[in-house]
Structure formats: C-alpha cells, structure tokens
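Engineer: Encoded as structure tokens, here's the structure I'll be asking about.
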Amino acid sequence: MSTEKTNAWYAERYTSKFGMHVIPLKPDSKLPVQNDWGNHAISDPVEARAYFDAHPDQGIGMALGPSRMASLDIDCEESFRTICHNYGIDLDDLIASTPTLKGSDKGMRLVFRIPEGVELGYSKLNWHREDEPAKSYTVFELRAASGDKQRFDVLASLSKHPDTGRPYTWITQPRADWPTPPKWLLTLWANFDRMKPQLASMCPWLPAEKAPEPVKPRSHVQNTSDGVSVIDAYCDANDLESELSRYGYKKTGKRWLSPHSTSGLPGVVLFPDGNSCWIHNSSDPLCSEDSGRPVNSFDLFCYYDHSGDTSKAVKHAAEILGLKIEPRQRLVEQVKRAERPVNIE
C-alpha cells in the first residue's frame, strides 16, 4: 500500500492509529462538506481511505465527541503566555509534551484525549483590545462536545488554512499514548465560569484592581490603651508576603499557590498596596470568593495559629507586639457614651 502522504493517507492513519472519527471539509476551508456532518463521521480506516481517495482535495476534520478528544485552542499566543506567566505555567513544556497543531500565525491548538469518566464542555475567554476597548478578541477556547452540541476540529492534511494559505501542521506530533489534560487545565475547564473573572483581570492593560475595605467583626475589635487597633498593628508589623511564605504559600509567577490547592493553579493575588490579597482557590479555608473579603496578615495568623478564634489571636498578637489591650468593659462603656443622645436643652 502506498505511503505517499495524501489526504487519504492522513485519514486512514487518524482512524486506525488514534481511533478518531473524521469528517470531510471543503477544500482549503474550515467548513464541513455536509450540514449534518455529525451523522456522517467516518471511523473505519478502510472507509476513510476510500472516501478521501475519491475526494483528494477535501480537508479532514475530527468529530470531538465520538473521538473522545478535546482541545485548548489558543487564538492569541502572546496573550495566553501572559496568563501562563501569571499562573507559573511553562507553555513551551506543555506544547512539547502535547500533540499540537499550527494553523494561524497567532495561535495553535493543543489536542488532548478526554479521561475516562470525565465530561468536558466548551468555554471561551475574550479580552478587550488595547487600542479599541469597545472591541474584543478571543484569547483562547476550551473545545469539547457537550450534551447534544457537537463540535469538530480541523486536522493536519494537505488542505490549506483559509487565512494563511498554508497547510495545518503538527508542530508536536501525535503519539500512541495520547495525553489527557494536565490537572490544572482540567480544573480550569471544570470551573471556567468561576475562574473567568480572574482570567479577565490578567489583561495587562487593565487598571490595577484596588483592594476592598477589610471587614472586621465589631465584637472582636480591640484597641490598646493608646487607641491603636491590635489587628492593624499586627498587619503593619508583619509583611504579608513573609506571612504567606511562613504558612506554606508559594510564590509562582505573579501569584501565590495555596498549600490547600488541589489543582496546582496559584490563585492567591496580592493587591497593589501589598497589605492584602484575594484568595481565589475554593479549596483554601480562607477563600475570598466564599467570604467576600480580602485576606491580610492577621487573618492568616488568626486561622493558622488560633484555628480562627479571633479573641485569642488578638490577645496573642498584643503580647507579641508588647501592647496593652484596653479592657473590654471600658470599651463597651465608651461605645455607649458615644451612642448616647446629646441633651441640648
């Protein structure tokens, strides 16, 4: 049998070696030949070769659902590298270990086999353009068939990309032990709606986000005899980055990785003032997404050293700092006096 790399050769190889279900595409196009292409995917290698032998100019697509495949479609490599830098992800290493297609000049598509028992859907991230904020562009897509929605990806063959005029090529070749998505990518895929705001905030030309005002439970506010807040004094005396490191958080790229993380994605973001952070990791007991509040040095000290007991943490902090706490009864009296109506008669 001829080993000349025709589209028929590609189609037979995709079906026989990798178990793909292929569909015919219009010549040098991303469009399927048949409108109901989902009902005409070819999985038999002999049938695949025969079809593309008879239609040598047609391109080859892969039906993602029956092929149990999914892809990370990077539309803008430069922007996606910004996201990877924020998360401390080595994109080049991921590309080198994952079958990767090159079609457009600005992007690429990494193809994964879906793990058994896992269902993946479709999601997309857009950023506003730097020069035209009213317009947006796609940074990346997470592509998979979901429910009744079928999707396909274009595969490498002799057909050309409609924009570049060059064929799709594998810059990292397919392999028999086709990899599944890494854990961090599966987490992103499964929790995309929850994580989308932080992905959007990574756009480098957006203004830096200001930290929300911390919320201090009134029942636990304790001052020194000089009127100084013990909590504020502790935060002033203990650098947040040092405290994060002390409690097992690790700096990764521009972010910090929670010791409770199960995905490996660093979801702790420091605000520009350096005094507080926002913890996106849902597995972290101090998750800001759940509490709706930022985290500071005292919050870490209170949770990790005092199991969340604020009263004990305040007393211990005062001892460490050599501060004398105002007796609570006197504080209560001061509050009552402050709230008493003024007699103007």
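The values are calculated or read from the model by the stated rules, or taken from the named source; none is laboratory data. Keep in mind it's a predicted model, so treat the numbers as computed, not measured. Glycine also receives a Cβ, built like all others from the backbone with ideal geometry; neighbour counts cover every protein chain displayed. We work out accessible area using only protein heavy atoms, side chains counted, and drop any ligands, DNA or RNA first. Shrake-Rupley method; radii C 1.70, N 1.55, O 1.52, S 1.80 Å.
Engineer: Calculate the length of the line joining the C-alpha centroid of region 86-121 to that of region 140-177, in whole Å.
Structural biologist: 11
Engineer: Note down the accessible area of residue 111, probe 1.4 Å, to the nearest 10 Å².
Structural biologist: It works out to around 0 Å².
Engineer: Here is a follow-up. Using a Förster radius of 30 Å, what is the FRET efficiency between residue 290 and residue 246 based on their Cβ-Cβ separation? Nearest 0.05, please.
Structural biologist: 0.85
Engineer: Right, here's the next one. Which of the GluC sites (Glu not before Pro) found in region 77-118 are in a DSSP loop and have at most 10 neighbouring Cβ atoms, other than their own, within 10 Å?
Structural biologist: For GluC sites (Glu not before Pro) across region 77-118 that sit outside H, G, I, E and B with at most 10 neighbouring Cβ atoms in 10 Å, the list reads 116.
Engineer: Moving to a separate point now. Helix 192-201: angle to the longest alpha-carbon principal axis of the chain, degrees 0 to 90, nearest 10?
Structural biologist: It is inclined by approximately 70 degrees.
Engineer: Does anyone have the angle between helix 310-321 and the longest principal axis of the chain? Alpha-carbon axes, 0 to 90°, nearest 10?
Structural biologist: With rounding to tens, the tilt is 70 degrees.
Engineer: Next question, about the same structure. How are the C-alpha pair distances of region 81-145 spread across 5 Å bins, as whole percents from the shortest bin up?
Structural biologist: All Cα pairs, binned at 5 Å, distribute as 4, 12, 17, 25, 22, 12, 5, 2, 1 percent.
Engineer: Which three semi-axes in whole Å describe the equivalent ellipsoid of region 116-183, each the square root of 5 times a Cα gyration tensor eigenvalue, listed largest first?
Structural biologist: Here the semi-axes work out to 26, 22, 13 Å.
Engineer: For residue 57 and residue 206 in one chain, what is 0.36 nm times their gap in residues minus the Cα-Cα distance, to one decimal in nm?
Structural biologist: 49.1 nm
Engineer: Follow-up question, since we're still on this one. First measure r as the distance between the Cβ atoms of residue 239 and residue 260, then evaluate 1/(1 + (r/R0)^6) with R0 = 25 Å and state the FRET efficiency to the nearest 0.05.
Structural biologist: The computed FRET efficiency comes out at 0.70.
Engineer: Next question. Given the -39500 (n - 2.57) contribution per DSSP H run of 4+ residues, what per-residue ellipticity at 222 nm results for the chain, rounded to the nearest 500 deg cm²/dmol?
Structural biologist: Using -39500 (n - 2.57) per qualifying helix, the result is -9000 deg cm²/dmol.
Engineer: Shifting gears a bit: Give me the extension gain from residue 4 to residue 97: residue separation times 0.36 nm, minus the current Cα-Cα distance, reported in nm with one decimal.
Structural biologist: 30.8 nm
Engineer: Out of the total accessible area of region 5-134 (probe 1.4 Å, heavy atoms of protein only), what percent is carbon and sulfur?
Structural biologist: Carbon-and-sulfur percentage of accessible area, whole number: 46.
Engineer: Still on this structure: Output the pairs from 124/149; 250/315; 106/251 with a Cα-Cα distance over 19 Å in this structure; if there are none, say none.
Structural biologist: Among 124/149; 250/315; 106/251, the Cα-Cα distance tops 19 Å for 250/315; 106/251.
Engineer: Continuing with the same structure: How much area per residue is accessible in region 128-211 when the probe is 1.4 Å and only protein heavy atoms are counted (Å²)?
Structural biologist: Value for region 128-211: 57 Å² per residue.
Engineer: Further, regarding this structure: Expressed in nm to one decimal, what extension gain is obtained for the pair residue 135 and residue 191 from 0.36 nm per residue of sequence separation less their Cα-Cα distance?
Structural biologist: 17.6 nm
Engineer: Please state the Cα pair-distance histogram of the chain with 20 angstrom bins from zero: what percent is in each bin?
Structural biologist: Reading upward from the zero bin: 25, 40, 22, 10, 2, 0.
Engineer: Between residue 44 and residue 319, with labels modelled 7 Å along Cα→Cβ, what's the label distance in nm to one decimal, could you check?
Structural biologist: Going from the residue 44 label point to the residue 319 one covers 8.0 nm.
Engineer: What figure in square angstrom, to the nearest 10, would you give for the accessible area of residue 306 with a 1.4 Å probe?
Structural biologist: Its heavy atoms expose roughly 30 Å² to the probe.
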